[in-house]
Amino acid sequence: MSFITDKQTLDDLNITGRFSPQSLFSLFNATRTRGGEKLLDRMFHEPLSDPAAINSRSGVLKYFHERELSFPVSAQVFEDAEAYLGGSTGSSFLAVAGDLLRKKALETAVKDEQYGHLQNGLLATIGMLNALQGFLQKVSDLSTGQFEAVQAALNTHRAKWLQDAPEGQPLSLFQLARYDHLIRHVLREETENILDFMYHLDVYIAVSNVARARGFSYAQALPKEQNIFRTTAVSHPALEKAVANPLTLQEDRNVLFLTGANMAGKSTFMKSLGIAVYLAHMGFPVAAKDMQFSVRDGLYTSINVPDNLNLGYSHFYAEVLRVKKVAEEVAKGHDLLVIFDELFKGTNVKDAYDATLAVTKEFSTYRNSFFVISTHIIEVGDRLKEDCDNLQFSYLPTIMEGTVPRYPYTLTAGITSDRHGMVIIENEKILEMIE
Amino acid sequence: MLFTTDKQTLDDLNIFGKHGGDSIYNIFNRCATRGGAGILEEMFRYPLADSEAINKRSGIIQSFAALDTSFPFKTAAFDAATPYLANTDERSKLTVQENSVARKLTNMMAMDADTQLIYKGVESLTDLLKQAKEFIKELDGNGFYREEKEEMSVILNDPAFAAILQSREKLSHAQIAEFDVILRFRQRNLVEKLLGLIFYLDVYLSVAKVAAERKFVFPKALPANQQGNGHDLLKLEGVYHPLVKNAVPNSIHVTTDSNVIFLTGANMAGKSTFMKSLSIAMFLAHAGFPVAAKKMEFAVLDGVYTTINLPDNLGMGASHFYAEVLRVKKMAQELSLKKDLFIVFDELFRGTNVKDAYEATIAITSAFAKKRESIFVISTHIIEAGDVLKEKCGNISFVYLPTRMKGHQPEYTYTLEQGITSDRHGMVIVNNEGILEILRNGKKKPQKTTAT
C-alpha cells in the first residue's frame, strides 16, 4: 500500500512544486539531467511504505554522502548519448550497414548532417559507458541489486567489445555499423536499464550533495508494529539557523499538546516534524539527528486551511470538514501522523474550547496513530490532563527582555499562558501612526 | 492622486482569479479584441480616484448599455492588423515598379508570407477605417462619448486618409502599395491612436453588454469636497456578490457618523461574503464600472484594502499573528499619509489568543474610529469587544448576520440586522458532521501491553 497524504498537506509543508523556489523539491533538485529531475519528482510524489525499501534507499544515499562522488559524465556528453539512444536502428546488421552507407553518401553529396550526428552520439554513448564502468569500480563495495545488475550488463561478452573501441577518434563505417547495431538493437534492453540507472545515479549524487552541504542525517525505518518516533534534534530543513528540538512519540504518549505565544515557533516546529517524517518515508536525508521511526500509512497536516467561498465554505466549516476527513482516515484503522495547527481558530472561544476538547479526546483513543495539536486555548490542556493519560504537553517559551520578546524556539515540557500580542502592536507603534 | 490597492486585496476579492477560474475580470471580459482585454485589465489594475473621471466613464458605459450598441468591427480584422503594424522595417515596403508580369505570376501561384501579411493588413485596416467612419455617423446626435468621438473624427477627416476612405471594395496592387506607406509609415501614429480608441470602445461595449445582461447598476460618485459632520460616505442598496449564485442582497448606509461597521455573526452566517460583496462594489465603483446592486452612491476614496484570507509567510519568518499586525501597520501607514480609505478586516486578530485579541481589537478599532472620512468594516468573534467599543466611540455602527436554529439545523438569512449577536453553533456543526461518531466507531487496534 502506498503512503497516503493529500494536497493540503503537501501545500502546508511546501513539499512538491517544481516552480516554487522554496519548496523541498527545489531544495533537493540539484540534478544535472532532465531524466534525473523527473525521477526526483516521482520520488517526491511517491513516498515508500516498506521499511526495507526505505532503508535500502537511504543506505545508498548515505554511501554517496560519505564519499563525495561526482556524476561521471559531462552534461553535453550525456545529452548526446541520451538523444542517440532515444532513436532506433535496423533490426539486422546488414540493414544498419545499408542505411549507414546511404547516410554517408548523402553526407558526401549534399552535406547532410545525419551521419555526423550518429557518429557523435555513438562516440558519446561509448564514452558514457566507459566512464560508467570506471565509476562502478569506485563504488564496487556497494552491494544493492540495482548496482549489481548494471555491473553484470556491462560485463556481458558482447558489451565488452565496447571497451576496445577507440575513444575520441572517428569510427570507420564498418565499426559504426557494428556498434550501432549492438547498442541500439542487440543490447536495447540493457542500454535502457543503464540510462535509467544513470538517472538514479544523478538523483543519488544530487541529493547526497545537498545533504552533505546542509548537514542532514539519515533516518532509520522501523516496522510499523513498534509504533515509535524518536529523534534527538529535528529542525526545519529550509530555514537558516533553525533551532533543533528533540521529540519522542510512542504508544503511551502518542498525542503532543503544544502551546506557546504567537511567533514562538509553533507552526515551524510542526512543519519541521511533518517534513522530517515525509522525507524519511522517501528514504531521503532529514534535518533530524538520530531519527528512528515506525513506518506510517500516511501523513495529514492542517496548518494553513483556506476558506473556499466558491464551494460555499466559511473558514470554520473548512476546518470542520478537514477534521472530518482526517477522522475518517483515522477510523479506518490506518497508522497516521496527524498535525493540527490552531484547531478551530475560525470560531468563537466557547465553541473552539468545546470542539477542541471533544475532538482531541476522541483522537487520543487511537493509540496506533500520532497526533500533534496546537491551540491558543490553554484551558483545554488543563482539562485533558485530567481526562487522558496518553498526552504529552510541551510549549515554546517567550522570554521578555523589557518590552522586547525573545524566542528561544526550544521545546519545553508543560503548558504556557505566555501572551504578548499587545506588546508587539505597541512595538510596531501602530496606534501612534493613526493618531 | 492615484487610487491604491494591493495584491492581497485583489486576491481576497478574486478580481483576477487564478487561471481559468471565475473572477470579476472574467465577468466583464467579453471584449472582441485582445487590445480591449488588455485595456480592461489596465482599468482594473488602476482604478480612478477622481469623481469626474469616474462619472464620465460610467456615463459612457451606461449610455452604450441603454443603446444596446454592438461592436461594429470584425475581430479577424484586428488579428491581421496587429502583426502588420508591428513590422516597421522600411525595406518591406511594396514597390509599384516591380509590378511586372513575372511578379503577378508568382503572386498568383504562391504569395510569399511577408507580402501576404501586408496585403491582409492593408485590406483590414482599410475596412476598419471605413467602418469607424460609419459608426461615428450613426452615433451622431448622442451627447455622451463626445470627446473620444471627436478624436476619432479628427483622425478620420485627416486628408491623408481621404484616398483610403474613398477606395473601392477590391484594392489593386498599386493602391495597396500606396496605402501601405500611409498606414504603416507616414501616418502610423494616427493609425495607432485610432486603434487605441477602438480598443477602449470595445471595453465600453463589452462592459455595457454585461451590465445590461446582469442588471448591474451604475454608481454615482459624490463630489469629494463635502464638508461638515454627518455627510454621506456610502449609500448602497441591494448589494450582492456577483460570483455567488442566488446571493442575498443587503443595504447599508454609511455617514461620517457611522463610518466604522462592526460586524458579528456565527460561522457560515455570511460575514466574509458580505464583506467581499461590499468591497467588490467599492472597487468596481472606483473603476467607473457597474456594480451588483440596486442603487449606489459613494464618496470617492483614495484606496481599497481588504484582509480576508491572510496567509502566514514562514519563508519571511512571520507567524500568522505577526502577518496580521504587519497588515494593520500597513493600513496605519497609509492612513497617516492623509488618505481616505475603504478598509476591511475579516476576523481581526484571529491568529492569537482570546485575551490578546480582545485588547488589540479594542485598541485598533477605536484608533481607526478617529478617521471619520474613511470607511472601516471589521468582523470579529469576540463580541465582548463590541460592548466596550459601544461605550468608547460614537461613530461605530453595529450590525450582525443572524442564525436561526431549526431543531439541530442552523439556518441563515444572510440579511443584515442592527446590533451585536452572540449566536454560536460551532459544536452543532461538529456534531452534524458526525465527527465524534466516526471516531468512536472506528477500527481501534488492541493496545500492546509492552510499548518499546
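The values are calculated or read from the model by the stated rules, or taken from the named source; none is laboratory data. Every value quoted in this text rests on a predicted model; they were computed, and no experiment measured them. Here the Cβ positions follow ideal geometry from the backbone for every residue, glycine too, while neighbour counts run over all protein chains shown.
Filtered by the rule that a residue be under 18 Å from A:THR416 (Cβ atoms) and facing chain B (nearest Cβ under 7 Å), the range A:353-384 gives a lone residue, A:HIS376. Listed here are the helices (runs of 4 or more DSSP H) enclosed by the range A:112-196 that have at least 2 residues being more than 22 Å from A:SER92 (Cβ to Cβ) and modelled with pLDDT of 80 or more: A:114-138, A:145-154.
Taking the range B:138-154 only, how many residues are assigned to a loop (DSSP other than H, G, I, E, B) and of a type in the set (D, E, K, R)? Adding up the residues that qualify gives 1. With respect to the conditions (1) at positive phi; (2) surrounded by fewer than 17 Cβ atoms within 10 Å (Cβ to Cβ); (3) out of contact with any Pro (no Cβ under 6 Å at 6 or more places or on another chain), B:MET268 lacks only one, and its number is (2). Is it the case that some residue within the range A:37-50 is touching a strand residue (DSSP E or B) at 6+ places or on another chain (Cβ under 9 Å), small (Gly, Ala, Ser) and closer than 17 Å to A:PHE197 by Cα? No. With respect to being more than 26 Å from A:ARG188 (Cβ to Cβ), modelled with pLDDT of 85 or more, assigned to a loop (DSSP other than H, G, I, E, B) and not acidic (Asp, Glu), A:SER70 fits the description.
Any residue at all in the range A:384-404 that's more than 28 Å from A:VAL320 (Cα to Cα), touching a helix residue (DSSP H, G or I) at 6+ places or on another chain (Cβ under 8 Å) and either of a type outside the set (Val, Ile, Thr) or part of a loop (DSSP other than H, G, I, E, B) (or both)? Yes, there is a match, as at least one residue in the range A:384-404 is more than 28 Å from A:VAL320 (Cα to Cα), touching a helix residue (DSSP H, G or I) at 6+ places or on another chain (Cβ under 8 Å) and either of a type outside the set (Val, Ile, Thr) or part of a loop (DSSP other than H, G, I, E, B) (or both). Of B:SER153, B:SER206, all but one fail to be over 22 Å from B:PRO83 (Cβ atoms) and surrounded by fewer than 18 Cβ atoms within 10 Å (Cβ to Cβ); the exception is B:SER153. Residues of the range B:333-369 that are in a loop (DSSP other than H, G, I, E, B), of a type in the set (A, V, I, L, M, F, W, C) and facing chain A (nearest Cβ under 9 Å): B:PHE349 alone.
Is it the case that some residue within the range B:228-245 is among the small types (Gly, Ala, Ser) and either buried (at least 22 other Cβ atoms within 10 Å of the Cβ) or in a loop (DSSP other than H, G, I, E, B) (or both)? Yes: one or more hits. Listed conditions (1) at pLDDT 85 or above; (2) part of a loop (DSSP other than H, G, I, E, B) are all met by A:GLU362, apart from (2).
For the range A:249-305, a tally of residues being more than 30 Å from B:THR352 (Cβ to Cβ) and either touching a Gly at 6+ places or on another chain (Cβ under 8 Å) or not aromatic (Phe, Trp, Tyr) (or both) returns 19. Considering the conditions (1) among the polar types (S, T, N, Q); (2) modelled with pLDDT of 90 or more; (3) over 37 Å from the mean Cα position of the chain (by Cα), A:ASN348 is excluded by exactly one of them, (2). In summary, strands (runs of 3 or more DSSP E) completely within the range A:226-333 and bearing 1 or more residues that are at pLDDT 90 or above and closer than 30 Å to B:MET268 by Cβ occur at A:255-260, A:298-302. Being of a type in the set (Asp, Glu) and either surrounded by 20 or more Cβ atoms within 10 Å (Cβ to Cβ) or not assigned by TED's automatic domain parsing to the domain that holds A:ALA244 (or both) is a description that does not apply to A:ASP389. Contact annotation: residue pairs with Cβ atoms under 6 Å, 6 or more positions apart or on different chains, pairing a residue in the range B:159-180 that is surrounded by fewer than 19 Cβ atoms within 10 Å (Cβ to Cβ) with a partner that is in a loop (DSSP other than H, G, I, E, B), are B:ALA160/B:GLN187; B:HIS173/B:ASN99; B:ALA174/B:VAL96.
Looking across A:GLU240, A:GLU251, one residue alone is surrounded by fewer than 23 Cβ atoms within 10 Å (Cβ to Cβ), within 13 Å of chain B (Cβ to nearest Cβ) and within 30 Å of A:GLU68 (Cβ to Cβ). It is A:GLU240.
Determine, yes or no, whether A:GLY59 is within 22 Å of A:LEU173 (Cα to Cα), in a helix (DSSP H, G or I) and out of contact with any helix residue (DSSP H, G or I) (no Cβ under 7 Å at 6 or more places or on another chain). No.
Restricting the first member to the range A:405-417 and to residues that are without any contact (Cβ under 8 Å) to a residue 60 or more places away in the chain, and the second to residues that are part of a loop (DSSP other than H, G, I, E, B) and surrounded by 13 or more Cβ atoms within 10 Å (Cβ to Cβ), the beta-carbon pairs closer than 8 Å and six or more apart or on different chains are A:ARG406/A:THR398; A:THR412/A:PRO397. For the range B:422-440, filtering for residues that are over 29 Å from B:PHE262 (Cα atoms), at the interface with another protein chain (Cβ under 7 Å from one of its Cβ atoms) and part of a loop (DSSP other than H, G, I, E, B) leaves 1.
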